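See below for the structure under consideration.
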Amino acid sequence: MSASGSKLVTVENLQVQFFGGTNPVRAVDGVSFDIAEGETVALVGESGCGKSVTAMSLARLVPQPPGCYAGGRILFGGQDVLAMDEATLRKLRGRDISYVFQEPGSALNPVFTIGWQIMEAICIHRPDADARAEALEMMRLVGIPEPEQRLKSYPHELSGGQQQRVMIAMAIACRPKLLVADEPTTALDVTIQAQILDLLRDLQKRLGMAMLLITHNLGLVAETAHRMFVMYAGRIVESGAAPEVLAQPRHPYTRALLEAVPRLEGTEGRLKAIEGTVPNPAELPPGCKFHPRCIFAGERCRVEEPVWEAQSPECGVRCFFWKELA
Amino acid sequence: MSGGPMLDVQDVRVYYGSQQHPVRAVDGVSFALNRGEALGVVGESGCGKSTLGRALLRLEPVRSGRVLLDGVDMVGLRGAKLKAFRSRAQMIFQDPYGSLNPRHSVGGMLREAVAAHNKVERPDREQRVAELLRSVGLDPAYTRRYPHEFSGGQRQRLGLARALAVEPELIIADEPVSALDVSVQVQILNLLKDLQQQLNLALLFIAHDLAVVRYVCHRILVMYLGKVVESAPAEALFAHPRHPYTEALLSAVPDVAKGLAARTTGQNRIVLRGDMPSPAVTIPGCPFHPRCHRVREKCRTEIPALREIESGHCTACHFAEEM
């Protein structure tokens with residue numbers, strides 16, 4: 001499967017800024033990508049690279065203020081999300097796009113039962129449906145044992161893995177076209193992580209939804225994604241089919257990330273650390289944003305910012321020297 | 001001093017709750033650790049790995065068992081002797097934000113640690129603080145700064161400098177990199193590895209990420225419900241796990257090479273059913289049997305003992321030979 005299906009989401013030159021200090025912080029600066037129906041796309045990067053802000057923007061969830069959509073367009077099924085009125089937006093959120101977040105413990109409301117929380121979305125978006133029966137069906141679908149009893153449980157009575165299953169049940173209750181999973185398994189143990197991933201993949205196949213997977217774990221990307229976008233300092237620095245990017249990364253950042261991950265099969269010699277830290281988005285360096293940490297950086301990288309070079313509609317890279325490095 | 005291992009842990013138990021219904025957080029763990037050796041402890045959350053690490057430093061009460069450091073049992077130690085023990089064994093914590101006092105400057109914090117055990121004369125302490133900062137890759141000019149001025153990776157370096165301040169021989173690192181970004185993780189792992197070799201430290205490295213543990217450690221203990229279910233040299237454990245739990249853990253870890261290979265072969269991972277049970281509940285037979293993908297009748301009734309199956313490779317599974 002590739003992007004041959006029709007486009008569900010198209011993001012064009014998205015600019016998201018935050019105001020607070022003296023200068024606006026450009027959290028997302030000119031991001032463009034698309035997601036086809038039924039496709040799994042991964043957005044990869046370290047904390048502070050703007051991947052979550054990008055994901056939130058798909059349903060215009062960035063709070064304004066302090067946030068501000070300073071430019072670009074987001075088309076969901078042909079409609080411009082950034083220009084929508086509140087009523088249309090409400091229909092989009094939860095029905096067409098839904099989210100699964102990293103911390104199920106803090107994303108669930110502690111004072112309502114699991115059943116109430118799953119039924120809420122069904123009641124809002126599908127008023128004709130039998131909410132209770134649907135909620136039970138969803139809980140069975142995500143593999144929660146004894147769903148009848150669990151309907152009456154409160155979030156604190158469930159384990160982290162079960163809470164994440166509830167989050168997923170809520171997210172798919174209205175059969176969304178796009179599921180945004182923001183680090184869905186980071187807070188979970190590896191064995192539970194494997195359960196949740198299998199569940200997500202299985203549901204995606206059965207319900208035919210597209211998935212945007214936000215993660216910093218390249219192993220997850222290798223196992224699940226069709227295409228991947230690597231972000232650094234609010235920009236996409238490389239994109240392409242996930243197996244190809246992972247096997248032959250072209251951008252020095254993607255390379256460095258891959259070389260910095262300890263491997264299960266063992267590492268020969270030392271892992272190469274990426275020196276320095278992710279830059280503060282309020283004080284980005286001039287030129288290529290990665291140059292202070294890049295081992296290949298030349299004079300040109302310090303003064304001029306590389307533009308996006310698309311090799312095909314599916315793959316591209318933002319680096320002056322990617323050809324020399326290949 | 002005996003000729004045995006530097007740290008000899010014998011049948012250590014940590015129980016919480018009442019006598020009638022104890023929660024067996026650590027339930028009879030034994031191992032040995034030598035100078036210059038790095039031992040990894042892995043397992044899911046709730047398996048008792050952090051409690052074990054804390055108990056070894058007497059940060060949690062030990063119910064029974066012996067912890068011998070060069071032949072001296074530290075379980076009964078009090079007062080000055082306990083303090084002396086702690087100058088030989090130090091801990092690095094998971095949360096670099098929570099484990100540093102926000103009101104102490106870097107210099108103040110390190111000076112306090114250096115002074116606490118009186119290993120360095122007063123006039124030389126400033127010098128020692130600068131040395132410590134340099135050894136963990138920080139600028140000695142940072143002494144006047146406070147923890148909030150540092151990034152997560154730098155704070156973990158400070159945590160390491162503080163642990164090294166008393167010139168310990170044993171360091172217990174509890175998930176030291178799991179709160180850090182991928183690119184910074186490796187910086188800390190490499191630093192830890194280097195210091196461990198340079199200073200010939202014994203390192204107990206507690207983590208849930210098997211790939212990270214493999215990178216740092218020579219030998220690995222796998223824990224489940226307070227017990228060691230497998231222990232082996234790192235190479236052997238990864239090449240040929242001899243316990244179904246280890247096998248499932250390895251299979252569950254997302255890995256780039258494995259993930260790419262699975263796309264072409266379509267190979268499925270082993271997915272364990274359910275969650276880890278509460279350590280308050282007593283499970284008959286093998287504690288892992290309700291989730292085991294290789295479970296048989298014998299496992300439901302008989303508790304498997306930890307036994308050596310190859311030289312240096314121990315497992316607590318009835319059917320280890322068949323794996």
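The values are calculated or read from the model by the stated rules, or taken from the named source; none is laboratory data. Small disclaimer: the values here were computed from a predicted structure and weren't measured. All Cβ positions, even for glycine, are placed from backbone atoms using ideal geometry, and neighbour counts span all protein chains on display. Ligands, DNA and RNA are excluded from the accessible area calculation, which covers all protein heavy atoms including side chains. Shrake-Rupley method; radii C 1.70, N 1.55, O 1.52, S 1.80 Å.
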Nearest-0.05 FRET efficiency for residue B:283 and residue B:64, computed from C-beta distance (R0 25 Å)
0.75
Taking only the C-alpha atoms, wrap a convex hull around region A:108-175 and report its volume per residue in Å³ as a whole number.
70 Å³
State the three equivalent ellipsoid semi-axes of chain A, derived from the C-alpha gyration tensor as the square roots of 5 times its eigenvalues, in descending order and whole Å.
35, 23, 18
Simple SL model, points at 7 angstrom along Cα→Cβ for residue A:83 and residue A:157; separation in nm is 4.9 nm
Per the rule of 0.36 nm per residue minus the C-alpha distance, extending residue A:10 to residue A:324 adds in nm 109.9 nm
Under 14 Å from a point 7 Å along the Cα-to-Cβ line of residue A:116: which residues of region A:131-154 have their amide N that close?
A:151-154
Taking 8 Å as the Cα distance limit and 6 or more residues as the minimum spacing, I'd like the relative contact order of region B:212-284 as a percentage.
24 percent
Of A:292, A:313, A:243, the one that fluctuates the most in a GNM where chain A has Cα springs shorter than 10 Å:
A:313
Where the Cα pairs of region B:63-190 fall when distances are cut into 10 Å bins, in %
13, 40, 32, 14, 1
Output the pairs from B:49/B:81; B:227/B:298; A:272/B:227; A:51/A:177; A:177/A:272 with a Cα-Cα distance over 28 Å in this structure; if there are none, say none.
A:272/B:227; A:177/A:272
What aspartates and glutamates sit close enough to residue A:91 to cross-link, taking a C-alpha to C-alpha distance under 17 Å and skipping anything fewer than 8 places away on the same chain?
A:80, A:120, A:128
For region A:38-187, state the average projected area of the convex hull of the C-alpha atoms over all orientations, rounded to one decimal in nm².
9.9 nm²
With N denoting the number of residues in region B:120-186, provide Rg(C-alpha) divided by 2.2 N^0.38 Å, to two decimal places.
1.18
Please compute, for the alpha-carbon atoms of the protein assembly as shown, the extent along each of the three principal axes and give them in descending order in Å.
77, 65, 46
Provide Rg and Dmax in Å for region B:38-128, with only Cα atoms included in the calculation.
15.8, 47
Return the aspartates and glutamates within reach of residue A:205: Cα separation strictly under 16 angstrom, same-chain partners fewer than 8 residues apart disregarded; answer none if there are no such residues.
A:37, A:39, A:223
With the dipole of the protein assembly as shown worked out from charges on the C-beta (+1 for Lys and Arg, -1 for Asp and Glu) around the Cα centre, which of A:284, B:299, B:257 lies farthest toward the positive end?
B:299
Whole-number accessible area per residue in Å² for region B:203-323, which is evaluated in the context of all protein chains at 1.4 Å
42 Å²
Please give the helix B:152-164 orientation as an angle from the longest Cα principal axis of chain B, in degrees from 0 to 90, rounded to the nearest 10.
80 degrees
Give the share of C-alpha pairs in each 20 angstrom bin for chain B, from 0 to the last occupied bin, in whole percents, shortest bins first.
30, 55, 14, 0
Over the whole of A:212-222, what's the average partner chain Cβ count within 10 Å per residue? Rounded to a whole number, please.
4
If the viscosity is 1.306 mPa s and the temperature 10 °C, what Stokes-Einstein diffusion coefficient in µm²/s follows for region A:112-225 when Rh is the Kirkwood radius over Cα pairs?
110 µm²/s
Sum of -39500 (n - 2.57) over DSSP H runs of 4+, divided by residues of chain A (222 nm, nearest 500)
-9000 deg cm²/dmol
Cβ neighbours within 10 Å from other chains - mean over B:175-183
5
For region B:241-306, what percent of Cα pairs sit more than 20 Å apart?
39 percent
Average beta-carbon neighbours from other chains, 10 Å sphere, peptide A:248-261
2
Most to least packed among B:109-121, B:237-249 [average Cβ atoms within 10 Å]:
B:237-249, B:109-121
Take the alpha carbon atoms of region B:4-58, find their radius of gyration, then divide it by 2.2 N^0.38 Å using N residues; give the quotient.
1.24
Give me the accessible area per residue for region A:108-175, probe 1.4 Å, as a whole number in Å².
46 Å²
With x for Gly and Pro, the residue-by-residue ³J(HN,Hα) of region B:182-190, computed from phi through the Karplus equation 6.51 cos²θ - 1.76 cosθ + 1.60 at θ = phi - 60° and given in whole Hz, is 3, 5, 7, 3, 5, 4, 5, 4, 5
Gyration tensor over alpha-carbon atoms, region B:115-274, equivalent ellipsoid semi-axes in Å
37, 18, 12
Report, ordered by chain and residue number, the aspartates and glutamates lying within cross-link reach of residue A:289, taken as a straight Cα distance under 20 Å and ignoring same-chain residues fewer than 8 apart.
A:29, A:46, A:238, A:259, A:275, A:299, A:304, A:305, A:309, A:324, B:181
Region A:108-175: relative contact order from alpha carbon pairs under 8 Å, six or more residues apart, as a whole percent, is 47 percent
Region B:94-112 and region A:204-273: distance between their alpha carbon centers, rounded to Å:
35 Å
The answer for residue A:68, listing residues at least 5 apart or on another chain whose modeled amide H is closer than 5 Å to its amide H, is A:17
